[in-house]
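These notes concern the structure reproduced below.
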Amino acid sequence: MEIYILLFFLLLFLSFCKNKVRIPYVIIFLLLTFVAGFRSIDVGVDSNQYSQIFNVVKLGIYYPTVEPGWNFINWLVGKAGGNVVALFTITAFLTLLPVFYVSRKLSPFAYFSVFIYYGLHLYSGSFNIMRQYMAVSLVFLAFYLLYEEKKKMALLVWVVACTIHVSCFLAIIFYLIKKTKLSFFSFVGFTLISLVIGSIVNERIIDFITFSEYSNLATSRSDVSIALFMTVLIDIYMFFIVYTAPQKLRDSFWGKLFILSVFVFNVTYTLYFSARIYSLFAISQIVFFPMWVKCCNLKNKYLCVCIVLLYVSIQFWRMLLVNANSIIPYELNQQGLKMGILNIL
């Protein structure tokens with residue numbers, strides 16, 4: 001647990017650095033890549049399963065229950081003589097690169113964006129559902145390219161993401177509604193409607209949007225009342241954020257993506273693995289929140305920072321204390337580390 005806490009406070013400290021300070025930014029990128037890449041296969045619920053998939057695919061055998069893009073990455077790493085540590089490291093690199101790149105290009109406070117990404121457990125989530133979060137990062141990059149009006153590149157990146165995890169096709173929802181404008185009261189109304197829909201949606205939706213490999217997980221949460229309570233609290237927080245955001249920010253590309261993330265979160269809150277769906281849109285928070293801090297209607301900007309820090313910190317400590325994704329205890333893959341050092345030497 002100690003390493004996660006140390007990284008949390010390190011990233012919190014660096015959040016107050018200016019964007020133009022580049023060296024720590026690169027070091028943090030490499031550090032997070034190392035921590036994720038050289039972890040033991042016992043860190044993360046699905047890490048051992050991904051190791052087994054790799055051992056099959058590297059022999060040239062197609063693994064039918066995972067997407068073709070993930071099969072190709074596994075085959076390529078195996079063909080190059082890499083082991084499971086190489087797979088984990090390359091996956092971590094490709095997952096973090098879009099996050100750091102877009103944050104650097106777009107966020108008014110790039111280090112703060114990385115802290116939010118880490119604190120909301122988007123980083124530690126990749127220790128478990130590796131290909132999902134790699135695909136989410138690619139969708140994030142596709143959103144950025146779409147924002148920059150590079151539509152062909154955005155489409156290409158989105159297609160690649162879909163070949164890594166099928167759930168990414170849901171990202172097209174945003175493209176269909178991105179020109180829609182909502183007033184604050186419309187936002188409240190649609191939020192309540194989405195919460196009602198989420199309360200009646202059950203596991204049947206899973207069969208429609210996922211592969212059959214998830215059938216054994218297609219059950220609603222057993223603690224629905226607790227999930228509902230937490231969702232309502234988060235919605236109240238989001239009401240405040242949207243209410244204090246200038247209309248220009250609400251109507252912006254990233255404002256609309258943020259609002260959509262709230263709706264999707266509400267619709268999926270009862271589902272066992274809702275994070276696989278709403279993370280596609282919730283990753284927008286890592287650039288939206290810094291934008292909100294910079295231009296929100298509150299006069300005290302330090303208060304704005306504290307409001308975001310409170311939300312991120314609660315999410316971080318809550319997930320850490322329940323050992324979400326089974327990331328505790330953290331262990332290095334010592335054999336993989338030794339082999340890596342020997343290869344360098």
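Enter the accessible area of Trp317 (Å², nearest 10), with the probe set to 1.4 Å and all protein chains included.
Spelled out: Trp317, probe radius 1.4 Å, area about 80 Å².
Rg and Dmax of segment 54-95 over Cα atoms: what are they, in angstrom?
Radius of gyration, then largest Cα-Cα span, for segment 54-95: 9.5, 25 Å.
Tell me the net charge near Gly189. Cut-off is 15 Å between Cβ atoms, Gly189 excluded, with +1 for each Lys or Arg and -1 for each Asp or Glu.
Taking every Cβ under 15 Å from that of Gly189, the sum is +1.
When 1/r is averaged over all different Cα pairs and the result inverted, which Kirkwood radius in Å belongs to the chain?
Kirkwood radius, the chain: 20.8 Å.
What net charge do the residues around Lys256 carry, taking every other residue with its C-beta under 11 Å from that of Lys256, with Lys and Arg at +1 and Asp and Glu at -1?
Neighbour charge sum, excluding Lys256 itself: +3.
With a ≥ b ≥ c the root eigenvalues of the C-alpha gyration tensor of segment 132-196, is it rounded (a/c under 1.5), prolate (a/b larger than b/c) or oblate?
Judged from the Cα gyration tensor, segment 132-196 comes out oblate (a/c at least 1.5, b/c at or above a/b).
Convert each backbone phi in segment 40-49 into a coupling constant with the Karplus relation 6.51 cos²θ - 1.76 cosθ + 1.60 (shift: θ = phi - 60°), then list the ³J(HN,Hα) values in order as whole Hz, x for Gly and Pro.
5, 5, 8, 9, x, 4, 9, 4, 5, 5
Compute the helix-to-body angle for 151-164: its Cα long axis versus the longest principal axis of the chain, expressed 0 to 90° and rounded to tens.
For 151-164 against the chain, the angle is about 50 degrees.
For segment 222-345, what does the alpha-carbon gyration tensor say about shape, rounded, prolate or oblate, given a ≥ b ≥ c as the root eigenvalues, a/c under 1.5 as rounded, and a/b over b/c as prolate?
Prolate is the answer for segment 222-345, as a/c is 1.5 or above and a/b outweighs b/c.
Working with all protein chains in place, sort Leu155, Leu31, Leu7 by solvent-accessible area computed with a 1.4 Å probe, largest first.
Leu155, Leu31, Leu7
How big is segment 65-132 in terms of Cα radius of gyration and Dmax, in angstroms?
When restricted to the Cα atoms of segment 65-132, Rg and Dmax are 14.0, 41 Å.
Under a 1.4 Å probe, what is the accessible area of the chain per residue, stated in Å²?
Per residue, the chain has 48 Å² of solvent-accessible surface.
Over the chain, what relative contact order in percent results from Cα pairs under 8 Å that are six or more residues apart?
Value for the chain: 24 percent.
Report, to the nearest 10°, how far helix 334-344 tilts away from the longest principal axis of the Cα atoms in the chain, using its own Cα long axis and a range of 0 to 90°.
Here the helix axis deviates by roughly 80 degrees.
Counting only C-alpha contacts under 8 Å and six or more residues apart, can you give the relative contact order of segment 1-87 as a whole percent?
Worked out over segment 1-87, it gives 22 percent.
In this model, which of Lys152/Lys248; Lys105/Lys181; Lys151/Lys294; Lys256/Lys294; Lys58/Lys151 are farther than 23 Å apart at the alpha-carbon?
Lys152/Lys248; Lys105/Lys181; Lys151/Lys294; Lys58/Lys151
Amide H of Arg39: which non-local residues (sequence gap of 5 or more, or other chain) have their own amide H closer than 5 Å, using H built in the peptide plane?
So Arg39 has HN proximity to Asn333.
Excluding the sites themselves, what is the longest stretch of the chain that contains no trypsin sites (Lys or Arg not before Pro) in a DSSP loop with at most 16 other C-beta atoms within 10 Å?
The reported range is 23-149.
Can you give the calculated 222 nm mean residue ellipticity of the chain, where each DSSP H run of n ≥ 4 adds -39,500 (n - 2.57) and the sum is split over every residue, rounded to the nearest 500 deg cm²/dmol?
Helices in the chain give a 222 nm mean residue ellipticity of -22000 deg cm²/dmol.
Taking only Cα atoms, what is the 0 to 90° angle, nearest 10, from helix 130-147's long axis to the longest principal axis of the chain?
Approximately 50 degrees, to the nearest ten.
The values are calculated or read from the model by the stated rules, or taken from the named source; none is laboratory data. What you see is a predicted model, and the numbers here were worked out from it, not measured in a lab. Neighbour counts are summed over all protein chains in view; Cβ atoms, including those assigned to glycine, are modelled from backbone coordinates with ideal geometry. Just the protein is used for accessible areas: all its heavy atoms, side chains included, with ligands, DNA and RNA removed. Shrake-Rupley method; radii C 1.70, N 1.55, O 1.52, S 1.80 Å.
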